[in-house]
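Novice: Just dropping this structure here.
The values are calculated or read from the model by the stated rules, or taken from the named source; none is laboratory data. Just so it is clear, the structure is predicted and the values come from calculations on it, not from any experiment. Every residue, glycine as well, gets a Cβ built from its backbone with ideal geometry; the counts of neighbours run over all protein chains shown. We work out accessible area using only protein heavy atoms, side chains counted, and drop any ligands, DNA or RNA first. Shrake-Rupley method; radii C 1.70, N 1.55, O 1.52, S 1.80 Å.
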Amino acid sequence: MLNIPYGRQHISQDDVEAVVKTLQAAYLTQGPTVQAFEEAFAQYVDARYAVAVTNGTAALHLCALALGVEPGTKVITTPITFAASANCIRYCGGQVVFADVEPNTALLDIEKVRLLLESHPKGTFSGIIPVDFAGQAVDLASFRALADEYDLWIIEDACHAPGGYFTDGKGMKQRCGNGQFADAAIFSFHPVKHIACGEGGMITTNDREIYEKLLLLRTHGITKDPTQLQENHGGWYYEMQELGFNYRISDINCALGLSQMNRAHARLAKRQAIAKVYDQAFMDTPIRPLTQPLDGGHAYHLYVIQTQERKLLYDQLRAQGVYAQVHYIPVHLQPYYQRLGWRKGDLPVAEEYYEQCLSLPMYPELTLAEQLQVIELTKSSILCEH
Ligand SMILES: *Cc1c(COP(=O)(O)O)cnc(C)c1O
């Protein structure tokens, strides 16, 4: 039987040696490797500053805190994402307002966001969290223009899209997380994402003030920086100036992440090549991939198809050892958010998308032979039903 997951990490001998070297070095946590990883990652996504943290969820939480989310703050996000994109607002006591998605990309629909903003008094909402779902880069230039009209901040959840980009109106490639449009962007280094740390996360921003706030909040709100202290009792002295957290990532995790960065470009290209093979195979069939951008900026964390026969296809693939997955169950339908008042029917496009979506295997080490088997099984399963 086959054994093909929807995503999988890859650890090279170089990765192993990099981690072992860190184990034998002077620092296990918050040493030079954290900073080296931050610098390499900032360069990869074209951002000015990067702050590495324990995981993507912690990255979201710190961004929400740094942007001032507090009880009563209303923030707009998409239901087609991992729950953490919304939960970060709840951690700060804020209110999550879901807006519906576009049918062909399952990305947050800017027109639905605009309607929401227009139908409430100015000042009702504080921010927007768009998600580069599946690796498709959100058109953040358009979101920035809308956000500026209403004085909103933007956190880009770019967990699916390191290396992805959109092309702006001037024909410039704008990398996900480059900080040109969003106030901050976040990434995850969970093994199923593009770059693995074990557990890990990153925030990128071009805003110096947000950057400094994030550094403070990452480590209990404590500073020893003499220029920041209110008093100074001597060399031992530090001050806890904010209610921060311990969201520090270790040098061990960062050594793995940094080593993986060496293969990031090549592995992204491999994901894009795999997507091309799927695209070709499903042309002229009832199997509908999400709309593909023509500019090559899709980072393909996921390769999502839509089909009326989703449940059947999922079960039949699974019976053959192909572990496709559903991304995502709309977040507003989770029992926790239903307790906060969200109901089935509130976001019909997202709900219909959920009934039909399936993520097929997508990771750089997927061989062509394996992929052709997945395609064959998918086609025979769906086409037989028609
Ligand atoms: C994975 C993921 C997160 C959370 O990242 P963790 O590192 O698992 O905490 C947040 N948002 C999206 C869209 C994700 O895919």
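Condition check ((1) under 30 Å from Gln260 (Cα atoms); (2) assigned to a loop (DSSP other than H, G, I, E, B); (3) of a type in the set (Phe, Trp, Tyr)) across all residues:
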{"residue": "Ala42", "(1), (2), (3)": "yes, no, no"}
{"residue": "Ala59", "(1), (2), (3)": "yes, no, no"}
{"residue": "Gly93", "(1), (2), (3)": "no, yes, no"}
{"residue": "Phe125", "(1), (2), (3)": "no, yes, yes"}
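Novice: Just checking, how many residues over the range 55-86 are farther than 15 Å from Ala185 by Cα, within 17 Å of the chain's Cα centre (by Cα) and open to solvent by 10 Å² or more (accessible area, probe 1.4 Å)?
Specialist: Looking only at that region, the number is 2.
Novice: Hey, can you tell me all the residues within the range 332-386 that are in a helix (DSSP H, G or I), acidic (Asp, Glu) and within 26 Å of Gln136 (Cβ to Cβ)?
Specialist: Glu351, Glu352, Glu355, Glu370
Novice: Could you please give the count of residues in the range 304-334 that are more than 23 Å from Asp284 (Cα to Cα) and among the charged types (D, E, K, R)?
Specialist: Counting residues in the range 304-334 that are more than 23 Å from Asp284 (Cα to Cα) and among the charged types (D, E, K, R) gives 2.
Novice: Among (1) touching a strand residue (DSSP E or B) at 6+ places or on another chain (Cβ under 6 Å); (2) assigned to a helix (DSSP H, G or I), which single condition is Met202 missing?
Specialist: Condition not satisfied by Met202: (2).
Novice: To continue, here is another question. Yes or no: the range 107-116 includes at least one residue that is within 15 Å of the ligand (Cβ to nearest atom), open to solvent by less than 60 Å² (accessible area, probe 1.4 Å) and part of a loop (DSSP other than H, G, I, E, B).
Specialist: yes
Novice: Next question. Of all residues in the range 262-291, which are under 18 Å from the mean Cα position of the chain (by Cα) and over 21 Å from Phe41 (Cα atoms)?
Specialist: Selection gives Leu290 alone.
Novice: Still on this structure, I have one more. How many residues are open to solvent by less than 50 Å² (accessible area, probe 1.4 Å) and not in a loop (DSSP other than H, G, I, E, B) when one looks only at the range 241-256?
Specialist: Result for the range 241-256: 6.
Novice: What's the number of the only condition in (1) within 27 Å of Pro293 (Cα to Cα); (2) out of contact with any strand residue (DSSP E or B) (no Cβ under 7 Å at 6 or more places or on another chain) that Gln30 fails to meet?
Specialist: Gln30 satisfies all of (1) within 27 Å of Pro293 (Cα to Cα); (2) out of contact with any strand residue (DSSP E or B) (no Cβ under 7 Å at 6 or more places or on another chain) except (1).
Novice: Right, something else. So, in the range 188-220, exactly how many residues are farther than 18 Å from Tyr247 by Cα and within 10 Å of the ligand (Cβ to nearest atom)?
Specialist: The qualifying residues number 3.
Novice: Out of all the residues in the range 233-240, is one or more buried (at least 22 other Cβ atoms within 10 Å of the Cβ) and assigned by TED's automatic domain parsing to the domain that holds Thr105?
Specialist: So far as the range 233-240 goes, no, none of its residues is buried (at least 22 other Cβ atoms within 10 Å of the Cβ) and assigned by TED's automatic domain parsing to the domain that holds Thr105.
Novice: Which number in (1) modelled with pLDDT under 95; (2) open to solvent by less than 70 Å² (accessible area, probe 1.4 Å); (3) out of contact with any helix residue (DSSP H, G or I) (no Cβ under 6 Å at 6 or more places or on another chain) marks the one condition that Gly31 misses?
Specialist: So the condition that Gly31 fails would be (3).
Novice: Hey, does the range 167-183 have a residue that's surrounded by 18 or more Cβ atoms within 10 Å (Cβ to Cβ), within 21 Å of the chain's Cα centre (by Cα), farther than 30 Å from Val20 by Cβ and among the aromatic types (Phe, Trp, Tyr)?
Specialist: Scanning the range 167-183, I find at least one residue that is surrounded by 18 or more Cβ atoms within 10 Å (Cβ to Cβ), within 21 Å of the chain's Cα centre (by Cα), farther than 30 Å from Val20 by Cβ and among the aromatic types (Phe, Trp, Tyr), so the answer is yes.
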